[in-house]
Amino acid sequence: MSKAEQLITRAVDENNEWLSVVPDDYRRFSSVPIKIPFFGILIMIFGFLVAWNDGDASITKPLPQQLYIILAGLGLFLFSLILNKLQYKEIRWIQNERTFIVFNKGIIGSIFLEMVYHVEDGDKLSLDQETLGHWEDSPDGESEYKTETTYWLTIERSNGNLVKTVLGEDVLLGSKNQVSEIKKFILSHS
């Protein structure tokens, strides 16, 4: 068996081992931006307003075009709710081991271990972000400045070492809401 196969086997075994532990407490954080269900609701409201203002239609009997707008908004809203259940980040607290486990659940149902954090006295948690910008050409030939912000949680030991993720990174990446809620959850239990 090659070195890569051994590492993959070990990672799968560790993932399954931590998944089987019953946590004392846990939280799930959606990976779906809040904008998506909100946008679906706005589309439905727009469809109802169009039907209400049209003399040939009403809210209870919209025309086919208006009905398509309402159904598109409803579909987007329901799709975001389904994604919410299928794709999330979860943190688990195992009190007797003083350990936090962070899992990511992907859209196809795979759950993978992202971080195992054994709490030690003197640990420091910090939230950080970085905004990078770049110029991008739009289809009409004009340049447009776009920015992207990355959020992460860093856990520093009292000796200055950083707690690493399973993939060896020094930070736990996520949305702004996810990393701030994970930090709150950790602070509430440690």
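Mind sorting V163, V119, V22 by how few other Cβ atoms lie within 10 Å of their own Cβ, fewest first?
By the 10 Å Cβ count, ascending, the order reads V22, V119, V163.
Determine the alpha carbon to alpha carbon distance for each of K35/K85; K85/K164; K89/K164 and list only those over 19 Å.
K85/K164
With n ≥ 4 as the cut-off for DSSP H runs, can you work out [θ] at 222 nm for the chain, using -39500 (n - 2.57) per run divided by the number of residues, rounded to the nearest 500?
Taking each H run of at least 4 residues, the total per residue is -13000 deg cm²/dmol.
Give me the aspartates and glutamates in straight-line cross-link reach of K105: C-alpha distance below 14 Å, same-chain residues under 8 apart excluded.
Output for K105: E90, E114.
With an 8 Å Cα cut-off and a minimum separation of 6 or more residues, compute the relative contact order for the range 79-125 in percent.
So the answer I get is 30 percent.
Take E14, E90, E114, E142 and order them by how many other Cβ atoms sit within 10 Å, fewest up front.
Fewest to most other Cβ atoms nearby, the residues stand as E142, E14, E90, E114.
State the dimensionless ratio Rg/Rh of the range 96-190 (Rg: radius of gyration of Cα atoms; Rh: Kirkwood radius).
Computed over Cα atoms, the ratio is 1.11.
Where does the chain land on the Kirkwood hydrodynamic radius, alpha-carbon pairs, in angstrom?
Final number for the Kirkwood radius of the chain is 20.1 Å.
Readers should treat all values here as calculations from the given coordinates under stated rules, not as data from a laboratory. All values reported here derive from a predicted model rather than from experimental measurement. As a convention, Cβ positions derive from the backbone with ideal geometry for all residues, glycine included, and neighbour counts pool all protein chains shown.
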